[in-house]
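Scroll down for the structure; my scribbles are underneath it.
The values are calculated or read from the model by the stated rules, or taken from the named source; none is laboratory data. Just so we're clear, the structure is a prediction, and the values are computed from it rather than from any experiment. Cβ sites come from the backbone with ideal geometry, for glycine too, and all protein chains shown count toward neighbours. We work out accessible area using only protein heavy atoms, side chains counted, and drop any ligands, DNA or RNA first. Shrake-Rupley method; radii C 1.70, N 1.55, O 1.52, S 1.80 Å.
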2 protein chains.
Amino acid sequence: MKLATYQDGSRDGQLVVVSRDLSQAHYATHIANRLQQVLDDWNYLSPALQDIYHQLNQGRARHAFPFDPAQCMAPLPRAYQWLDGSAYLNHVELVRQARGADMPESAQTDPLMYQGGSDDLAGPHAEIVCASESWGVDFEAELAVITGDVPMGCASDRALDAVRLLALVNDVTLRNLVPDELAKGFGFVKSKPATAFAPVVVTPDELGEAWARGRVHLPVQCVWNGRKVGMCEAGSDMHFHFGQLIAHAAKTRRLRAGTIVGSGTVSNKGVARKNRTEWPHGYSCIAEKRAMETLQDGQPSTEYMKFGDTIRIEVKGRDGGSVFGAIHQEVVPLDVRSRGTAAPSVPEAGPAQDVTP
Amino acid sequence: MKLATYQDGSRDGQLVVVSRDLSQAHYATHIANRLQQVLDDWNYLSPALQDIYHQLNQGRARHAFPFDPAQCMAPLPRAYQWLDGSAYLNHVELVRQARGADMPESAQTDPLMYQGGSDDLAGPHAEIVCASESWGVDFEAELAVITGDVPMGCASDRALDAVRLLALVNDVTLRNLVPDELAKGFGFVKSKPATAFAPVVVTPDELGEAWARGRVHLPVQCVWNGRKVGMCEAGSDMHFHFGQLIAHAAKTRRLRAGTIVGSGTVSNKGVARKNRTEWPHGYSCIAEKRAMETLQDGQPSTEYMKFGDTIRIEVKGRDGGSVFGAIHQEVVPLDVRSRGTAAPSVPEAGPAQDVTP
């Protein structure tokens, strides 16, 4: 089953069921208006949505209409929890090398995970609004799961049973703000603005055998300014599977339905070729590309995103069809969007001057 | 105006208006069922709630009933965002000294703030459920604000205008899990279980002149196992005011209505007396007490909370009345509550064994 949330002027939008090929949609109004309602009461509400889904796929849904991804908000436009892991250790290793930091000792057994902002999750075509290019705007292509209720202390195999939906995510990162926040140790408040979501979320059965052992065994395509830069395999190098990430998050507290747990940037290990390491699958974030350049050539040559840059992220299934639809975002300056003037009116990166008492 | 959320078996409960003296309540059903709805549409909905509030205080509300704090969930049982600052630098300094860590250089100008879990906020009498006393259960008495929408890049004085409600919070901390998470730099996922809230939230005007310059100028009373251990002044040593904390959070992203921003543990500076420093107002968390003992006597002698321990947190107004009602929680083992057996069935603190792939 595939689900999306259509804009309707409200903060939470309207739940729609979307056909497998993403061509048709159907309002779920008589079952639930919002995806969170379905997650709150999954066993009771999801069968009725599944019925609509079957009718849509068979061309028998009576009030179907053409699906338009441009009308989509994030499937959960605001969520009660967004926890993002770093399950691809290769990503962690590359990015740490790039900033001269060591790999944490516990990395093999204890997942890195941060609590992200979930009050403002962005739709697939939302602009990446940013006050300054100097913040180092980067994309991060990730997969995520949305869970049901998870009890405290849940084991990782049982945690997998709590997976209700899969999602494709752009965990936008302001790379140049990361080092200061890492040094503070309190996680990312400034360096992780609104995370964006592909138009539809899907139940795991939609992936067939590509959903196995808690991982999505499909490549994630990243196209930056029209150029394909990444085609990383999401399954092979995912060190912690989603059940392990959920169990980690639930170690000291229960998780409530609608919790989103991310995989971290999808990343594949390098391959040794002619005395140097290469990454034939490319990259799912610019920080990795810069790390690769540093390792290969001694310094990075690729710059982070500029105003006007676009990023497109998509996952194709084994049948060639788009699983989640595509994320397609453009970086825009804050002033153009919200103020209609080019005059800078928010502080630049650096010491937070306006919070000095 | 004072508002609370009554249990009704649902995840979000029922919004009630509570009289100033906390003696009477009135369902807000015909205006809004849930507090989040009011925050989403504050200017439209809050005047009608204010009307009920006036009627309650004058004894003229037609369907009033005695207010019972034991029926309360957290005012927002689940929220879209919970950001907790560390505005009392004395707390940061004391706790860091206790674990031998330095004060970050930027502490005076750049607030420490972490993104907390908001999917499961606890009511005022909720048990603090914990799998092991060895995790080092601690209370942290704090004040918090709940905001309306805040634009990205908002200045701190304008950010103050976004404050809709004030709250009293117990930011429960598993103290012995903190150092490992701090070292990872990704913030607190395991060491901060469900945060608890006093029964009612109040509009700032309820505090009269005690709400000034973005701070609550009242003492916060902490009673641990029936013994008063803290009476710290919340106003005097709050280095960053709430407007500054909100502006910090909104530096690179907008904040949506219902965002909760915490002050961090309320703490007062020490006073030099007879060649040693003393803290006459006591403490709002055990970590501070242990830090004080370390500074005074070379080592801590007070242990963290044990199963069966209770903590009571309350703020009295200048008229002597309880502003928010009291938080009153007991620490209980996970097994007793959820499994009815004493057999340990969740992993102890330490390396996360069950997440090894």
Residue A:19 vs. criteria hydroxyl-bearing (Ser, Thr, Tyr), surrounded by fewer than 18 Cβ atoms within 10 Å (Cβ to Cβ), under 24 Å from the mean Cα position of the chain (by Cα) and more than 12 Å from chain B (Cβ to nearest Cβ) | no
Would you check if there is a residue in the stretch B:218-227 being in contact with a Ser or Thr (Cβ under 8 Å, 6 or more places away or on another chain), under 15 Å from residue B:114 (Cα atoms) and touching a residue at least 40 places away in the same chain (Cβ under 8 Å)?
-> no
Could you please find all residues in the stretch B:237-257 being within 30 Å of residue B:309 (Cα to Cα) and open to solvent by 10 Å² or more (accessible area, probe 1.4 Å)?
-> B:237
Selection from the stretch B:114-132 of residues that are touching an Asp or Glu at 6+ places or on another chain (Cβ under 6 Å) and at the interface with chain A (Cβ under 7 Å from one of its Cβ atoms) | B:114, B:116
Single residue of A:169, A:220 found to be in contact with a Cys (Cβ under 6 Å, 6 or more places away or on another chain) and assigned to a strand (DSSP E or B) = A:220
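Among B:48, B:4, which is more than 21 Å from the chain's Cα centre (by Cα), over 30 Å from residue B:288 (Cα atoms) and at pLDDT 95 or above?
B:48
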Across the stretch B:227-285, the tally of residues that are in a loop (DSSP other than H, G, I, E, B), away from chain A (no Cβ under 13 Å) and under 16 Å from residue B:211 (Cα atoms) stands at 3
Within the stretch B:16-39, which residues are among the charged types (D, E, K, R) and under 16 Å from residue B:54 (Cβ atoms)?
-> B:20, B:21
Of all residues in the stretch A:155-177, how many are open to solvent by less than 10 Å² (accessible area, probe 1.4 Å) and within 12 Å of chain B (Cβ to nearest Cβ)?
-> 4
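Per-residue answers, yes or no, for (1) closer than 18 Å to residue A:253 by Cβ; (2) open to solvent by 50 Å² or more (accessible area, probe 1.4 Å); (3) within 14 Å of chain A (Cβ to nearest Cβ); (4) at pLDDT below 50:
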site	(1), (2), (3), (4)
B:306	no, yes, no, no
B:314	no, no, no, no
B:326	no, no, no, no
B:349	yes, no, yes, yes
B:355	yes, no, yes, yes
Residue within the stretch A:31-43 that is over 22 Å from the mean Cα position of the chain (by Cα) and touching a residue at least 60 places away in the same chain (Cβ under 8 Å) present | yes
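Let's see how each residue does on (1) open to solvent by less than 20 Å² (accessible area, probe 1.4 Å); (2) in contact with an Asp or Glu (Cβ under 8 Å, 6 or more places away or on another chain); (3) within 17 Å of residue B:206 (Cβ to Cβ):
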{"residue": "B:14", "(1), (2), (3)": "no, yes, no"}
{"residue": "B:33", "(1), (2), (3)": "no, yes, no"}
{"residue": "B:36", "(1), (2), (3)": "yes, yes, no"}
{"residue": "B:41", "(1), (2), (3)": "no, no, no"}
{"residue": "B:44", "(1), (2), (3)": "no, no, no"}
{"residue": "B:60", "(1), (2), (3)": "no, no, no"}
{"residue": "B:70", "(1), (2), (3)": "no, no, no"}
Just to be sure, is residue B:38 closer than 30 Å to residue A:182 by Cβ, part of a helix (DSSP H, G or I), within 14 Å of another protein chain (Cβ to nearest Cβ) and aliphatic (A, V, I, L, M)?
-> no
Within the stretch A:47-79, which residues are in a helix (DSSP H, G or I), over 15 Å from residue A:34 (Cβ atoms) and not charged (D, E, K, R)?
-> A:47, A:50, A:52, A:53, A:54, A:55, A:56, A:57, A:69, A:70, A:71
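Condition test on residue A:97, is it open to solvent by 10 Å² or more (accessible area, probe 1.4 Å) and at pLDDT 95 or above? Explain how you work it out, then say what you get.
On the way: open to solvent by 10 Å² or more (accessible area, probe 1.4 Å): yes; at pLDDT 95 or above: no.
Judged against the criteria, residue A:97 is not a match.
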The condition of being closer than 17 Å to residue B:215 by Cβ and within 7 Å of chain A (Cβ to nearest Cβ) holds, among B:111, B:104, only for B:111
Within the stretch B:133-154, restricting attention to residues that are small (Gly, Ala, Ser) and over 29 Å from residue A:155 (Cα atoms), which residue is nearest to the other protein chains (Cβ to nearest Cβ)?
-> B:153
Residue A:183 vs. criteria open to solvent by 10 Å² or more (accessible area, probe 1.4 Å) and part of a loop (DSSP other than H, G, I, E, B) | no
Is it the case that the stretch B:136-152 has a residue that's open to solvent by 10 Å² or more (accessible area, probe 1.4 Å), within 30 Å of residue A:105 (Cβ to Cβ) and out of contact with any strand residue (DSSP E or B) (no Cβ under 8 Å at 6 or more places or on another chain)?
-> no
Residues satisfying the stated conditions in the stretch B:114-146, i.e. in contact with a helix residue (DSSP H, G or I) (Cβ under 6 Å, 6 or more places away or on another chain) and part of a strand (DSSP E or B) | B:129, B:138, B:145
Taking the residues in the stretch A:193-214 that are more than 8 Å from chain B (Cβ to nearest Cβ), in contact with a strand residue (DSSP E or B) (Cβ under 6 Å, 6 or more places away or on another chain) and not β-branched (Val, Ile, Thr) as candidates, determine which candidate is most open to solvent (accessible area, probe 1.4 Å).
-> A:204
Residue check for residue B:8: under 16 Å from residue B:75 (Cβ atoms), open to solvent by 50 Å² or more (accessible area, probe 1.4 Å) and either assigned by TED's automatic domain parsing to the domain that holds residue B:257 or charged (D, E, K, R) (or both) = yes
Checked the stretch A:286-304 for anything in a helix (DSSP H, G or I) and in contact with an Asp or Glu (Cβ under 6 Å, 6 or more places away or on another chain); matches are A:286, A:287
